[in-house]
1. Quick test for you: out of 88, 84, pick the one residue that is surrounded by fewer than 17 Cβ atoms within 10 Å (Cβ to Cβ) and among the aliphatic types (A, V, I, L, M).
2. When you check residue 111 against the structure, is it on the phi > 0 side of the Ramachandran plot, touching a helix residue (DSSP H, G or I) at 6+ places or on another chain (Cβ under 8 Å) and not aromatic (Phe, Trp, Tyr), yes or no?
3. Considering only the range 67-79, state which residues are open to solvent by less than 50 Å² (accessible area, probe 1.4 Å) and either away from ligand 1 (no atom under 13 Å from the Cβ) or closer than 22 Å to residue 96 by Cα (or both).
4. Determine if the range 12-23 includes at least one residue that is under 25 Å from residue 207 (Cα atoms) and crowded, with 17+ Cβ neighbours inside 10 Å.
5. Among the residues of the range 102-137, which ones are open to solvent by 20 Å² or more (accessible area, probe 1.4 Å) and assigned to a loop (DSSP other than H, G, I, E, B)?
6. When only residues in the range 138-177 that are in contact with a Lys or Arg (Cβ under 7 Å, 6 or more places away or on another chain) and outside any loop (DSSP other than H, G, I, E, B) count, which is most open to solvent (accessible area, probe 1.4 Å)?
7. Under 22 Å from residue 206 (Cβ atoms), of a type in the set (A, V, I, L, M) and not in a helix (DSSP H, G or I): which single residue out of 51, 46, 33, 95 fits that description?
Amino acid sequence: MTILKYEKKVLSENDRLAAEVRREMTDRGILCLNLVSSPGSGKTSLLERTLGALGKELRMGLIAGDVQTENDADRLRAAGGTMVRPIVTGGACHLDARMIIEALKKLSLDGLDLLFIENVGNLVCPSSYDLGEEMKVVLISTTEGDDKPLKYPGMFRRSSLMVVNKIDLLGHSEFQLARVKENARAINGDLETIELSCRTGEGARRWYDWLRQRVSHKRA
Ligand code: MG
Ligand code: ZN
């Protein structure tokens, strides 16, 4: 089999498993979000803050993907997460739907409102692997280049929301908020944007409101 054919086969098998996950989430009325970004953009920090702010209001399950450690899962538990499953990929640079199905076997979905999947920090191949999520949320921080949407168009095209993190550091680099938005819009005209700082909490209310709205929409 050629590499291309093999890749196609892997992806179509992945799509079949992702559809299973999606059906289960729909049946249970759970909003499932796939968080993607480069390493260090703040996926775990965003989830820590979200647990702190909404932990009493929404029941959240969290799947934390990492290449080698369970550090992120430990951080989420320390932040109050009670339904946390780590996935250690052992070198693989993305999560796939089979890993999600395996993780879900060990996670009680009863009464969950939200399931967050923290993907491996990588803006390339996670864009090709449907995990059965309702939406991808892409994070970018102000310590990165504001041309990332242009460099990794696949990820920004397939995401529904872009969270710009570390706005407390704006002005300390060449990163410009207007420019990242413009670049993102050029790739995906429907992409929503929320800017915040996971460190200071500035702007986080819009993220919470966005989540509340999506969750209630899912329940209805
Ligand atoms: Mg992380
Ligand atoms: Zn990969």
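The values are calculated or read from the model by the stated rules, or taken from the named source; none is laboratory data. Note that the structure is predicted; figures quoted are calculated from it, not measured. Cβ: placed from backbone, ideal geometry, glycine included. Neighbour counts: every protein chain shown. These accessible areas exclude ligands, DNA and RNA; they are computed on the full protein's heavy atoms, side chains included. Shrake-Rupley method; radii C 1.70, N 1.55, O 1.52, S 1.80 Å.
1. From the options 88, 84, the qualifying one is 88.
2. No.
3. If the condition is that a residue be open to solvent by less than 50 Å² (accessible area, probe 1.4 Å) and either away from ligand 1 (no atom under 13 Å from the Cβ) or closer than 22 Å to residue 96 by Cα (or both), then 67, 72, 73, 76 are the ones that fit.
4. So far as the range 12-23 goes, yes, one or more of its residues are under 25 Å from residue 207 (Cα atoms) and crowded, with 17+ Cβ neighbours inside 10 Å.
5. 106, 108, 110, 111, 113, 121, 122, 124, 129, 130, 134
6. 158
7. Selected residue: 33, the only one of 51, 46, 33, 95 that is under 22 Å from residue 206 (Cβ atoms), of a type in the set (A, V, I, L, M) and not in a helix (DSSP H, G or I).
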